[in-house]
Amino acid sequence: MNFNSSSYEERAAKHPHPVARSLFEIMVSKKTNLCLSVDLTSSQEILALTDKLGPYICLLKTHVDIIEDFDPDFISKLSELSLKHNFLIFEDRKFADIGSTVIKQYGGGIYKIAEWVHITNCHVLPGPGIVDGLKSVTRDLPPRALLILAEMSSKGNLLTDEYTKTAVEIAKNNTDFVIGFIAQHRVSEPSNDKTTASGSNADFIIMTPGVSLPGRDGDSFGQQYTNPETAICVNGTDVLIVGRDLFTNPDPVSRAKEYVSTGWNAYLKRINK
Ligand code: 6AU
């Protein structure tokens, strides 16, 4: 079995990274491990759905570059919602360039992602310099964290086992910034009672996309879905990332509640409570 049987409370108490601690604390206080992937293209629709589902999520995942009417005011409104409903913001930017370029993409441009986003993610195709570059942007900002894409959900993706192992090594060398992975399984060794604050047995958070309650197996572009119970109890994920099954649902609040109860019960089963 490759999963972390410690509770989110225990992990919050000993995690060295403030963003990871906040996330675990939010999960515990709201009893949810659901991340809404709000892949809509109108800022009004994003804000409206976020306000509706805010009470049920620990994390909101955005793709800011798909918004058709982006305006800096959108960021203030989203940040207000994050405080109102107590969730963190994760911009799914999937940086993938050399260090000196990602510095400008993360800190600058029209989105200024690092200024308002608690968590972002990157591929490590370019090697460890991408992590160094991103980290350098955060030096004078409030705590910021990174997730490394170690596995992908899509059919035929090129992230081999060897690639995943290297991604984990890069994360272990950067525990002051990297708090976990986008992955389909717990890709770092099982922590359980051997979990340490940082270093080679660091407590990495696994966030899994390609998750859906039964009924959705994939899409016509290679997306593949796992059900929440398997993702948490068998594959060892910590956070369920759900997009279309929520934002295209005619009753997203009821659907979100189903994810919250399924996800939380699976977590309680995993930690034997
Ligand atoms: O639930 P869906 O299929 O509507 O949306 C899944 C979301 C999308 C993808 O861009 C993202 O998750 N995603 C990621 C992330 C989060 O990095 C990696 C991956 O392997 N698969 C995937 O779907 O916003």
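Relative contact order of the chain: 22 percent, from C-alpha pairs under 8 Å at least 6 residues apart in sequence.
Note that segment 157-170 has calculated 3J(HN,Hα) couplings of 5, 9, 7, 6, 4, 5, 4, 4, 4, 5, 4, 5, 4, 4 Hz, one per residue in order, obtained from phi through the Karplus relation 6.51 cos²θ - 1.76 cosθ + 1.60 (θ = phi - 60°); glycine and proline are x. Hey, which of these cross-link pairs are over 32 Å Cα-Cα: Lys14/Lys273; Lys52/Lys94; Lys135/Lys269; Lys77/Lys165; Lys135/Lys257; Lys14/Lys84? Pairs exceeding the cut-off: Lys135/Lys269; Lys77/Lys165; Lys135/Lys257. Couplings for segment 265-273, taken from phi via the Karplus curve 6.51 cos²θ - 1.76 cosθ + 1.60 with θ = phi - 60°, read 5, 5, 5, 4, 5, 5, 8, 6, 10 Hz in order; Gly and Pro are left as x. Could you give P(r) for segment 226-273, binned at 5 Å from zero, as whole percent values over all Cα-Cα pairs? Reading the bins upward from 0: 5, 23, 30, 21, 13, 7, 2. Highest mean first, the peptides 218-228, 129-139 sorted by other C-beta atoms within 10 Å per residue fall in the order 129-139, 218-228.
For Leu59, the amide hydrogen comes within under 5 Å of the amide hydrogens of Leu36, Leu88, counting only partners 5 or more places away or on other chains and with H modelled in the peptide plane. When the alpha carbon gyration tensor of segment 61-173 is reduced to an equivalent ellipsoid, the three semi-axes, largest first, read 25, 16, 14 Å. Helix content alone sets the calculated 222 nm mean residue ellipticity of the chain: runs of n ≥ 4 DSSP H residues at -39500 (n - 2.57) each, divided across all residues, give -11000 deg cm²/dmol.
What the Cα atoms of segment 119-251 give is an Rg and a Dmax of 15.6, 46 Å. Per the Kirkwood formula applied to alpha carbons, segment 1-72 shows a radius of gyration over Rh ratio, Rg over Rh, of 1.09.
Extent along the principal axes, Cα only, for segment 1-124: 41, 37, 24 Å, with the longest axis given first. Would you work out if segment 73-134 is rounded, prolate or oblate? Take a ≥ b ≥ c from the square roots of the eigenvalues of the alpha-carbon gyration tensor; rounded if a/c is under 1.5, else prolate when a/b is larger than b/c, oblate otherwise. Because a/c hits 1.5 or more and a/b exceeds b/c, segment 73-134 counts as prolate. Evaluate the Debye formula for the chain with equal point scatterers sitting on the alpha carbons, no solvent, and hand back log10 of I(q)/I(0) at q = 0.07, 0.13 Å⁻¹, in q order, two decimals. Computed log10 I(q)/I(0) values: -0.22, -0.82.
Each reported figure results from applying straightforward, stated rules to the coordinates on display, with no laboratory input. No experiment lies behind these values; they were computed from the predicted model shown. As a convention, Cβ positions derive from the backbone with ideal geometry for all residues, glycine included, and neighbour counts pool all protein chains shown.
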